[in-house]
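Read-outs throughout are calculated quantities, based only on the coordinates presented, and are distinct from any laboratory measurement. What you are looking at is a predicted structure, and each value in this text was computed from that prediction instead of being measured. Cβ sites come from the backbone with ideal geometry, for glycine too, and all protein chains shown count toward neighbours.
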Amino acid sequence: MDFSLSEEQRMLQETVGRFVADRYSLDQRKAYMAQSAGHDHAVAGELVDLGLTLVQIPEEQGGLGGDAFDAMVVGEALGPGLVLEPVMDVMTAVSALSGGRDDILEDGNSHTLGLYERGQRYSLNPAITSVEGGKVSGTKTLVPHTAGTTHALVSAQENGQVGLYRVALSDAAVTVFNYPLQDGRPFADLQLDGAEAEKVDGISMAEIEAAVARMTIAECSVAVGAMQAALDMTKEYLSVRKQFGRPLAAFQELQFRLVDMNMEVQDARSMAIWAANQANLTTGEALLRAASMAKAKIGKAATYVAEDSIQLHGGMGMTLDYGIGAFAKYLITFNLLHGDVDYHMGRVMRLGG
Amino acid sequence: MDLKFSDEDLAFKKTIEEFCEAHVAAETRKKIALGHRLSKQDIVDYHKVLYDHGYAVPNWKQEWGGTDWTSIQHQIFDDVTAAYDCPRRLAFGVSMVGPVLQAFGSREQQEKYLPRIARLDDWWCQGFSEPGSGSDLASLKTSAVRDGDEYVINGQKTWTTYAQHADMMFLLTRTDNECKPQEGISFMLLDMNTPGVTVKPIILLDGYHEVNEVFFDDVRIPAENLVGQENKGWDYAKFLLAHERFGIAQIGYAKNQLNRLRDIASQEQTEDGKRLVDNVFFSQKLAEIEMDLTALEVTNLRVLSDAKNQSDLTFAGMLKIRGSDLNQKLTRLIMEAVGPAAAVEQQDLVLHGRNEPPLGPDYAGGAAPSYLNNRKLSIFGGSNEIQRSIISKAMLTA
């Protein structure tokens, strides 16, 4: 057994780490969020140029041929940047759902995903979106949307079967409602009023569920990276901030709290490693169950770290500008996407052991 | 032992219910129900309604417009107004500086300020915390130096709630450096329009401008704005904090939040088509929090019913810790109940009341901001860590 990273993985980690250090300080991130698109187009382009969206695409299709461990390495390194672009969604789910088509994979960030619907909570079953005669109608919510995106892959019912359809966002029958998430990431709702829908062959409900499971596992590593950064910031704050004539770090009550937070982060990291391994080895229900175990465990840890890192920062933790709040808001939002703790707990139990 | 409300209490409850129904602006109540933020005008209007009905300053002495309500009636008032989605009464004038002036202020100060506080002619803010003095309040550094008939104030306050709306501030200043920190602090009153006062906003996690930094640069205030004696301010501050503890557990607010949580969980459907309120995990959490709330409500009533308990620091700290914990859990559960729709930020709607159609159900937009905003409950007014220190000291030295 060997938990060490390969030479390629270390390089990947360094590359992403450097990108985050150079391009994603909290101040830079704030400036990107303030732009009209809610992120910076050039910086998004750099992410694509680094090849991150191609990590899990087979080499014969021009990708890097990586596995879920590689995705994990990238995710954890991206975490401290709270990157606004949906790198992991594209890297894992879009590539898994491309049906091997080069036109979906090229450009790296031309396609986004519309898999959820309003009022359906975490269900992937398209209840209100359907296709008739090559036209799709309905609404999709929580679609990762960046200004460079030209197409969406949306799930829909056609003749009682769930399929995936490619829709051009420039289609007059598509309306995009942009909004930020609580953590500032630019997302959108799509209203489809008979838009041209091109079916992606070979994708049914099972493939969609598996792709979302892989994406969820990858997103868990981003959360681990963000939790580690929140822990580091909190440790730093306790060492610097003084009350009653000594640093906060000298108070045993606060020392123990830091230790508890550290244990949550280490548990979460172990869970993310385990889940990535499962993603490499399993398919079907075993894969879904692994994703649920990871997301439930890490979602809980994320909430814990978000809340306690605010608390240990005291008033500073409540401010929008100080920084710890940005991590807390990401971690809270992480728990609200792709199934919360209860949803995944239910699936872990339902799918048995 | 008799845990029933008396007939007088029940009649009182009915009066307050009728008041809420008939006189509190529906628009304001709706904002509260949805977790949207109130404007300054909403708060002022509500206070005027309270004033017109004799409910603005019920905790004051009767000569200044107070009531003879019992502790239980105060609790009933808080419970009923919370249940009807009324705002919480602005505390700074009514619950903080008002009682201090009645206990320690000069007759001139009382006559000048108390009627204006009661009518909310002046909006007061609290100048206690400083950047280096949060939990360790006694280390505060903002100085006041006597110069003839004036004090000259220099320094900075922070976390000053609604300083941007305030006409007046009550503040703690350092007037003596040569003694124990607690013995060199004075309690003063300051007109926010005095030259040298600068207010700078601090935006909180939910995007809301609620608190501020306030800077003092050679601010000259009349010496008559000293409350009580010079260097006795710490005693007055402790008196104020003891007064503030009234209602600190926010039971009424918690009950109302629990009802809201049930409503939302009854409307939301999980992936299997069942109501969220019937989900095994969620219903367990609902049951648990109902038990927590019930126990805390009775603890609170035990404190209100017994003067001995009221002066017991272990109870005061417990109400603060348990109350903040409960209200934080409730807003977290509301956010979880709303689910993925709570991940969408709708600040225009929540903070500024803009009339765009909400994304998702109308209760979705306010859920995450309320959760984020409520993180402050375990930090301000003496953090829960500080409360635990106070309780353990009281227990171990008793």
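Which of the lysines could a cross-linker span from residue A:140 if the Cα-Cα distance has to be under 23 Å and same-chain partners fewer than 8 positions apart are dropped?
Correct list for residue A:140: A:199, A:295, B:274.
From the Cα gyration tensor of chain B, with a ≥ b ≥ c the square roots of its eigenvalues, which class applies: rounded if a/c is under 1.5, or else prolate if a/b is larger than b/c, or else oblate?
On the way: a/c = 1.67, a/b = 1.50, b/c = 1.11.
Prolate.
Over the stretch A:111-199, what is the percentage of antiparallel beta bridges among all DSSP beta bridges, to the nearest 5?
Given both bridge residues lie in the stretch A:111-199, the antiparallel proportion sits at roughly 85 percent.
Express the Stokes-Einstein translational diffusion coefficient of the stretch B:7-89 in µm² s⁻¹, to the nearest whole number, given a Kirkwood radius over alpha-carbon pairs, 25 °C and a viscosity of 0.890 mPa s.
The diffusion coefficient I find is 186 µm²/s.
Using the alpha-carbon centroid of each, what span in Å lies between the stretch B:319-394 and the stretch A:68-101?
The stretch B:319-394 and the stretch A:68-101 have Cα centres separated by 31 Å.
Near residue B:40, which aspartates and glutamates are there with a Cα under 20 Å away, not counting those fewer than 8 places off in the same chain?
Hits, sequence-local ones excluded: B:27, B:52, B:85, B:121, B:122, B:167, B:191, B:206, B:210, B:213, B:348.
What is the fewest-to-most order of A:220, B:125, B:20, B:179 by other Cβ atoms lying within 10 Å of their Cβ?
Taking fewest neighbouring Cβ atoms as first place, the list is B:179, B:20, B:125, A:220.
Let me know the shape class of the stretch B:15-55, please: from the alpha-carbon gyration tensor, a ≥ b ≥ c as square roots of the eigenvalues, rounded when a/c is under 1.5, otherwise prolate if a/b is greater than b/c, or oblate. Write out the running numbers ahead of the final one.
Numbers: a/c = 2.90, a/b = 1.39, b/c = 2.08.
Oblate, since a/c reaches 1.5 and b/c is not below a/b.
Relative contact order for chain B: what percent, with Cα pairs under 8 Å and sequence separation of 6 or more? All intermediate terms of the calculation are to be shown ahead of the outcome.
On the way: 627 pairs, mean separation 58.8, N = 398.
Reported relative contact order: 15 percent.
Cα convex hull of the stretch B:123-232: how many Å³ per residue? Write out the running numbers ahead of the final one.
Values: hull volume 10.1 nm³, N = 110.
Given the Cα convex hull of the stretch B:123-232, per-residue volume reads 92 Å³.
Measure of size requested: the Rg and Dmax of the protein assembly as shown, with Cα atoms as the atom set and Å as the unit; please supply both.
28.2, 90
Test of understanding: extend the Cα→C-beta vector of residue A:107 to 7 Å, then name every residue of the stretch A:150-177 with backbone N under 14 Å from that spot.
A:150-153, A:166-171
Please work out, to two decimal places, the log10 of the ratio I(q)/I(0) at q = 0.20, 0.22 Å⁻¹ from a Debye calculation in which every Cα of the stretch B:271-398 carries one identical scatterer.
One equal scatterer on each Cα of the stretch B:271-398 leads to -1.12, -1.23.
Take the Cα atoms of the stretch A:205-350, build their convex hull, and give its volume per residue in Å³. The partial results should precede the final answer.
Values: hull volume 14.1 nm³, N = 146.
In the stretch A:205-350, the Cα hull volume divided by residue count equals 97 Å³.
For the stretch B:200-250 and the stretch B:13-68, what is the separation of their C-alpha centers, rounded to whole Å?
23 Å
Which whole-angstrom value gives the distance between the alpha carbon centres of the stretch A:43-58 and the stretch A:285-348?
After rounding, the separation between the Cα centres reads 26 Å.
How compact is chain A by the rule of thumb for globular proteins, expressed as Cα Rg over 2.2 N^0.38 Å?
On the way: Rg = 20.3 Å, N = 353, 2.2 N^0.38 = 20.4 Å.
Relative to the 2.2 N^0.38 Å estimate, chain A comes out at 0.99.
Hey, which of these cross-link pairs are over 29 Å Cα-Cα: A:235/A:300; A:135/A:297; B:31/B:238; B:238/B:285?
Beyond 29 Å between Cα atoms: A:135/A:297; B:31/B:238; B:238/B:285.
What length, rounded to one decimal in nm, is gained on full extension from residue A:9 through to residue A:150, with 0.36 nm per residue of separation minus their alpha-carbon distance?
Additional length available on full extension: 47.7 nm.
Partner chain Cβ atoms within 10 Å, averaged over the residues of A:338-344 - can you pull that number for me?
Neighbouring Cβ atoms belonging to other protein chains average 4 per residue here.
Could you put B:386, B:379 in order, starting from the residue whose Cβ has the fewest other Cβ atoms within 10 Å? Before the final figure, lay out the partial values.
Numbers: B:386 18, B:379 24.
With the sparsest Cβ surroundings first, the list reads B:386, B:379.
Counting only C-alpha contacts under 8 Å and six or more residues apart, can you give the relative contact order of the stretch A:1-110 as a whole percent?
On the way: 99 pairs, mean separation 32.0, N = 110.
Once normalised by length, the contact order is 29 percent.
Return the distance in nm (one decimal) between the two label points of a simple spin-label model at residue B:180 and residue B:48, each offset 7 Å from Cα along Cα→Cβ.
Computed distance between label sites residue B:180 and residue B:48 equals 4.8 nm.
Rounded, prolate or oblate: which fits the stretch A:111-199 when a ≥ b ≥ c are the square roots of the eigenvalues of the alpha-carbon gyration tensor, with rounded for a/c under 1.5 and prolate only if a/b beats b/c?
oblate
Apply 1/(1 + (r/R0)^6) to the Cβ-Cβ distance of residue B:154 and residue A:125, taking R0 = 51 Å, and write down the FRET efficiency to the nearest 0.05.
It comes out at approximately 0.20.
Please arrange A:240, A:222 by how many other C-beta atoms lie within 10 Å of their C-beta, fewest to most.
A:240, A:222
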